1. Which percent of Cα-Cα pairs in the chain sits in each 5 Å bin, short to long?
2. For the residues D221, D40, D158, what sequence is obtained by ranking on other C-beta atoms within 10 Å, fewest first?
3. Using modelled amide H (1.01 Å from N, peptide plane; none on Pro or chain starts), what sits under 5 Å from the amide H of R171, excluding residues fewer than 5 places away?
4. Using θ = phi - 60° and the Karplus form 6.51 cos²θ - 1.76 cosθ + 1.60, what ³J(HN,Hα) does each residue of the range 90-96 get, whole Hz, x for Gly and Pro?
5. Report the net charge of residues surrounding V175, where surrounding means a beta-carbon distance below 14 angstrom and charges are Lys +1, Arg +1, Asp -1, Glu -1.
6. Can you return the aspartates and glutamates within cross-link range of K197? Criterion is Cα-Cα under 19 Å, with same-chain partners fewer than 8 residues away left out.
7. Please report, largest first and rounded to whole Å, the three semi-axes of the ellipsoid equivalent to the range 19-82, where each semi-axis is the square root of five times an eigenvalue of the C-alpha gyration tensor.
8. Please report the equivalent ellipsoid semi-axes of the range 23-146, computed as sqrt(5 x eigenvalue) of the Cα gyration tensor, largest first, in whole Å.
Amino acid sequence: MDNWINTLRLVFLGPPGVGKGTQALMLAEGYSLMKISTGDILREAVSRETPLGLQAKAFMESGRLVPDGVIIGVIRERLSSPDCPSGYVLDGFPRTLGQAEALSKMLEAQGTPLHRAISFEAPEEELIRRLTGRRSCPRCQRIYHLYFHPPQQKDQCDVCGEALIQREDDREETVRKRLRIYETETAPLLKFYGEQKILSKIDGRGSIEEVFKRLLQVLKDRF
Ligand code: AP5
Ligand code: MG
Ligand code: ZN
């Protein structure tokens with residue numbers, strides 16, 4: 001068994017729709033790694049109307065990033081909690097240089113630096129195809145696609161039976177805005193992690209299983 005995988009501290013980078021959440025879930029379920037997805041945390045906060053959700057809602061719906069101060073606080077709380085496991089994958093965080101620097105400081109202080117930042121890549125027209133056909137489960141956060149990964153029963157979550165929804169921010173106009181923001185705010189992190197010599201790039205094209213094989217190969221080659 002590849003037990004060592006559940007001790008890795010990973011960051012998943014890549015544009016909206018490339019498959020970060022899909023791959024993070026497969027890794028988490030197959031290798032008992034904890035998946036920490038800031039998008040999921042925020043969406044849940046919005047639906048519960050917590051103070052965090054009320055702060056984040058307008059930013060998310062319009063495709064803009066939630067301010068660094070807010071999101072860094074969320075991650076700090078998760079990673080400093082006594083039941084935070086030794087291995088995890090951060091999906092959708094960090095997203096700005098400010099977040100990346102704050103994360104590095106936090107982990108350095110704990111003596112638990114990141115092992116690897118993995119960047120998934122795919123051409124823009126593929127990202128748009130994936131995002132505009134995405135359906136998600138609002139209860140258990142599972143991710144589906146109308147054509148590429150349909151649920152067994154139409155519009156219904158395979159795992160919990162909940163009716164699937166289309167995310168507010170998956171309308172084509174908002175998708176394009178998120179892609180622009182990725183380029184200006186998040187793409188610079190490739191240089192940041194490249195200089196630290198912990199960056200791996202993965203081709204995100206092809207089927208979900210093909211991409212997962214590449215991911216496992218990168219982890220096996222590195223550790
Ligand atoms: P977040 O939820 O993180 O959204 P995102 O980064 O825009 O990424 P997505 O979830 O859209 O894409 P993904 O890469 O996870 O793709 P998925 O696996 O779903 O953030 C949402 C918002 O929250 C942000 O806009 C911001 O407002 C806020 N936020 C979150 N984190 C923040 C932070 N750190 N700082 C500030 N603000 C923050 O796959 C997409 C679709 O493709 C699915 O339908 C899937 O089934 C399908 N698919 C996946 N892989 C394949 C494949 N290989 N072939 C075919 N189809 C595939
Ligand atoms: Mg996601
Ligand atoms: Zn579900």
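Each value in this text was obtained by applying a stated rule to the coordinates, not by laboratory testing. Keep in mind that this is a model prediction, so the values were computed, not measured. Heads up, the Cβs are rebuilt from the backbone with ideal geometry, glycines too, and the neighbour counts pull from every protein chain shown.
1. 1, 6, 14, 19, 21, 19, 12, 5, 1, 0
2. Working: D221 8, D40 19, D158 14.
If I rank by nearby Cβ atoms, fewest first, I get D221, D158, D40.
3. Amide H neighbours of R171, under 5 Å, 5+ apart: none.
4. Computed from phi, the couplings for the range 90-96 are 8, 10, x, 9, x, 10, 9 Hz.
5. Values: positive: R64, R129, R130, R134, R167, R171, R176, K177, R178, R180; negative: E61, E124, E125, E126, E168, D169, D170, E172, E173, E183.
Within the 14 Å Cβ shell, the charges total 0.
6. Filter leaves E101, E108, E121, D221.
7. On the way: eigenvalues 101, 44, 21 Å².
Rounded to whole Å, the semi-axes are 22, 15, 10.
8. Numbers: eigenvalues 111, 72, 49 Å².
So the three semi-axes of the range 23-146 are 24, 19, 16 Å.
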